[in-house]
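For reference, the structure is listed below as structure tokens.
Values in this text are rule-based calculations from the coordinates and carry no lab data. The model shown is predicted, which means the values in this text are computed figures rather than measured ones. Here the Cβ positions follow ideal geometry from the backbone for every residue, glycine too, while neighbour counts run over all protein chains shown.
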Amino acid sequence: MIFILKDFGLKKNYLYEIIATSYSITEDGLAIKPNASCMGIRVIDEEQVQISPFYNTTTYKNLKENSIIAINFVDDIFLYALAALKEKESPIGIPEIPSEYYGFKHLEFRSIDVPFIKKAWGILIGEVSKEFHKSKKNDLGEVIIPMFKLNIIFTEKFQESHKLYNRAENLALETIILATRLKVAKENKNLTLFSKIYEDISSNIKKIERFGKNKEALKAIDLVNSYIHHFS
């Protein structure tokens, strides 16, 4: 299937932050269990997208088991906070995104129901065509990251968007990502990095609060505040 990049406001080789929804099948085989995560995608060409979930994530496990994932383009920055900060033993009481946020898209030609975010303005559904690995260095050290190339097998736009985040929302997204890295720095007992990330988060929060009127950004930051409180 060929999807038209410009219909989704996408450009080749650019990196885009999205919410990815994957799924597993319950042990009794009777239900689909959705999972949502924030991550970046890179458009390779008119037929393929690249995605890089870490090894220890539910997204990686689900992709290995089922090979199908939905890429959700979402305007609401609060949903990015939910997807990024949820965890099994959540310190802020969010072990998973509530079920009311999910819809299911039935793909007749695959005989499957793929979960997606109902508030998305558009979705791409991809199927794994290749897995490879890449070494990457950052201030958390050197890590090996799995890379999946996805063939796009289904697309749908629910409404026009291509929204450009304003400054408050851009800062909120950056702060959400920093919050996830704060936990890793804490677990690695890297106190220098932990302090730097914490300072960056605090600085961003003050700026967002100063902007004042963006309700979605403020809701997302309230969640981040609650989250980082448990690591300070």
Exercise. Rounded to the nearest 0.05, what FRET efficiency do K137 and I92 give with R0 = 22 Å and r taken as the Cβ-Cβ distance? Could you check?
Key: 0.10
Quiz item: Going by how many other beta carbons lie within 10 Å of each one, how would you line up T57, T26, fewest first?
Solution: T26, T57
Quiz item: Taking +1 at the Cβ of each Lys and Arg and -1 at the Cβ of each Asp and Glu, which of V128, L223, Q159 sits farthest along the dipole of the chain towards its positive end, judged by Cα position relative to the Cα centre?
Solution: L223
Exercise. Pairs to check: K86/K137; K136/K157; K6/K130; K134/K206; K86/K196; K134/K215. Give those whose C-alpha atoms are more than 30 Å from each other in this structure.
Key: K136/K157; K134/K206; K134/K215
Quiz prompt | Cβ-placed point charges (K, R +1; D, E -1), dipole of the chain about Cα centre in debye, nearest 20 | solution = 700 debye
Self-check item: Net charge, Q48 excluded, C-beta distance under 12 Å - Lys, Arg +1, Asp, Glu -1
Solution: 0
Exercise. Mind checking the full-extension length gain between K206 and L107? Use 0.36 nm per residue of separation minus the Cα-Cα distance, one decimal, nm.
Key: 31.1 nm
Quiz item: Normalised by the number of residues in segment 5-157, what is the relative contact order in percent for Cα pairs under 8 Å and 6+ residues apart?
Solution: 24 percent
Practice problem: Over all alpha-carbon pairs in segment 167-229, figure out the percentage whose distance exceeds 13 Å. | Solution: 56 percent
Quiz item: In whole angstrom, and with the biggest value first, how far do the Cα coordinates of the chain range along each principal axis?
Solution: 50, 36, 36
Self-check item: Net lengthening on full extension, K64/N188 (0.36 nm per residue, minus Cα-Cα)
Solution: 42.0 nm
Self-check item: Separation in nanometres of the label points that stand 7 Å from Cα toward Cβ, at N170 and E156
Solution: 3.3 nm
Quiz item: In deg cm²/dmol, rounded to 500, what helix-only [θ] at 222 nm does the chain give when every DSSP H run of at least 4 residues adds -39500 (n - 2.57) and the total is split over its residues?
Solution: -10500 deg cm²/dmol
